[in-house]
Amino acid sequence: MPSIYCCAVNQSDVDQITERVLAYGRFVAQGDLESVADLFVHGAVSGDAHPEPVIGRAAVLDLYRSTLAGDGAPRRLRVITSDLRISVDHEAGTAGCLSTFAVYARDPSAADAPLFVGRYADRFALVDGRWEFAHRHVHLDMTDDEAVRREGVNLG
């Protein structure tokens, strides 16, 4: 269960935000970069490896194709997201979610160690009554450069 920082938070808000955050990991695991990009129709993505935000679905899809599918075949990576800390300002129609993540090779026998570990700093906006990603910044705290190269991931 995510931690909730705000008074009078609607459980539906928390559920929607949690679902968006966890859907990202499911789509990466499936190698479904189109669905990853769909999460950012109204949003942007940036990260320590690419600090300038890419905005909108097409730009996000290009970013993920260059990082996770450089040779045309999307990498299917296991993303474990935890420690969701959600704050909601329903009156302003905004929310935030801080979480931690670890990314592993799809094949658990390939390595026990994560490829990279970090934190997501997500902002959400209410769009037509539904929480949508407004911005995700990916903070990388640890990267196993050799394993990342072996998996064919291009972090930038």
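The values are calculated or read from the model by the stated rules, or taken from the named source; none is laboratory data. The structure displayed is predicted, hence computed values, not measured ones. Heads up, the Cβs are rebuilt from the backbone with ideal geometry, glycines too, and the neighbour counts pull from every protein chain shown.
Based on what the data block shows, is LEU126 free of Cβ contacts under 8 Å to residues at least 60 places away in the same chain, of a type in the set (A, V, I, L, M), within 30 Å of SER12 (Cβ to Cβ) and crowded, with 17+ Cβ neighbours inside 10 Å? Working first, answer last.
Values: free of Cβ contacts under 8 Å to residues at least 60 places away in the same chain: yes; of a type in the set (A, V, I, L, M): yes; within 30 Å of SER12 (Cβ to Cβ): yes; crowded, with 17+ Cβ neighbours inside 10 Å: yes.
Judged against the criteria, LEU126 is a match.
Looking at (1) in contact with a strand residue (DSSP E or B) (Cβ under 6 Å, 6 or more places away or on another chain); (2) in a helix (DSSP H, G or I), which one does TYR64 not meet, given that it meets all the others?
Result: TYR64 passes all but (1).
Just to be sure before I move on: is ASP71 on the phi < 0 side of the Ramachandran plot, among the acidic types (Asp, Glu) and in contact with a Cys (Cβ under 9 Å, 6 or more places away or on another chain) in the structure I sent?
No, not satisfied.
Scan (1) in a strand (DSSP E or B); (2) surrounded by fewer than 20 Cβ atoms within 10 Å (Cβ to Cβ) for the single condition PHE101 breaks and write down its number.
Of everything listed in (1) in a strand (DSSP E or B); (2) surrounded by fewer than 20 Cβ atoms within 10 Å (Cβ to Cβ), PHE101 misses just condition (2).
So for segment 107-115 (the condition being more than 18 Å from TYR24 (Cβ to Cβ), surrounded by fewer than 17 Cβ atoms within 10 Å (Cβ to Cβ) and either among the hydroxyl-bearing types (Ser, Thr, Tyr) or under 15 Å from the mean Cα position of the chain (by Cα) (or both)), does at least one residue qualify?
yes
Rundown of residues vs (1) aromatic (Phe, Trp, Tyr); (2) in contact with a Phe, Trp or Tyr (Cβ under 7 Å, 6 or more places away or on another chain); (3) under 18 Å from THR100 (Cβ atoms), yes/no style:
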| site | (1), (2), (3) |
| --- | --- |
| TYR24 | yes, no, yes |
| ALA29 | no, no, yes |
| ALA49 | no, no, yes |
| ILE55 | no, no, no |
| ALA58 | no, no, no |
| LEU63 | no, no, no |
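Quick test of your reading of the structure: ALA59 fulfils all but one of (1) at pLDDT 95 or above; (2) under 22 Å from LEU155 (Cβ atoms); (3) buried (at least 18 other Cβ atoms within 10 Å of the Cβ); (4) not acidic (Asp, Glu). Name the failing condition by number.
The one condition ALA59 does not meet is (3).
Name the pairs: first residue in segment 68-82 and surrounded by 18 or more Cβ atoms within 10 Å (Cβ to Cβ), second residue modelled with pLDDT under 90 and among the acidic types (Asp, Glu), Cβ to Cβ under 8 Å, at least 6 apart or on different chains?
Final answer for the pair search is ARG75/GLU151; LEU77/GLU151.
What tally of residues in segment 133-156 results from selecting those that are buried (at least 18 other Cβ atoms within 10 Å of the Cβ), in contact with a Leu (Cβ under 8 Å, 6 or more places away or on another chain) and in a strand (DSSP E or B)?
2
Give segment 37-67 a look and list any residue that's charged (D, E, K, R) and without any contact (Cβ under 8 Å) to a residue 40 or more places away in the chain, or say none.
ASP38, GLU52, ARG57, ASP62, ARG65, listed by residue number.
Go over the candidates ALA58, ALA73 one by one and state the one that is more than 15 Å from the chain's Cα centre (by Cα) and in a helix (DSSP H, G or I).
Details: ALA73 fails: in a helix (DSSP H, G or I).
It is ALA58.
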